[in-house]
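Written below as structure tokens is the structure these notes are about.
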Amino acid sequence: MTLRQVINTIKKENDSMRRRALGSQKVWTFSLALDIATDILEMHIPRKPIPDGYKDKCPVCGLVVKFGEHYCKGCGQKLRWNE
């Protein structure tokens, strides 16, 4: 199973859990934790920087990144420099 498949499965089950448990504070707290966990997991899937003139920017937060950096120093997004 790929990381993307894991994320999609967690999101699908989380949405289903929210629909079934209307008004339950414990379920909503757990659901929020799952949202945060999937956001963190998604940052480990490499994304290509966005070219902007003579510099490149992080595709998530827009911070300028140096060629060859593995992670954005602003948000932690993993970067992919090759096609």
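The values are calculated or read from the model by the stated rules, or taken from the named source; none is laboratory data. Just so it is clear, the model here is predicted, and its values are computed rather than measured. Positions of Cβ are generated from backbone atoms using ideal geometry, with glycine treated the same way; all protein chains shown enter the neighbour counts.
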Identify all residues within the range 50-74 that are under 25 Å from Val6 (Cβ atoms) and in contact with a Lys or Arg (Cβ under 6 Å, 6 or more places away or on another chain); write none if there are none.
Pro59, Tyr71
Residues that are touching a Leu at 6+ places or on another chain (Cβ under 7 Å) and modelled with pLDDT of 90 or more, drawn from the range 11-52
Leu41, His44, Ile45, Pro46, Arg47, Pro49
For the range 35-83, which residues satisfy the criterion of being over 14 Å from the mean Cα position of the chain (by Cα), among the aromatic types (Phe, Trp, Tyr) and either within 30 Å of Glu13 (Cβ to Cβ) or surrounded by 13 or more Cβ atoms within 10 Å (Cβ to Cβ) (or both)?
Trp81
Scan the range 2-14 and give yes if some residue there is surrounded by fewer than 11 Cβ atoms within 10 Å (Cβ to Cβ), free of Cβ contacts under 8 Å to residues at least 40 places away in the same chain and touching a helix residue (DSSP H, G or I) at 6+ places or on another chain (Cβ under 9 Å), otherwise no.
no
In contact (Cβ under 8 Å) with a residue 12 or more places away in the chain and among the polar types (S, T, N, Q): does that describe Ser24?
no
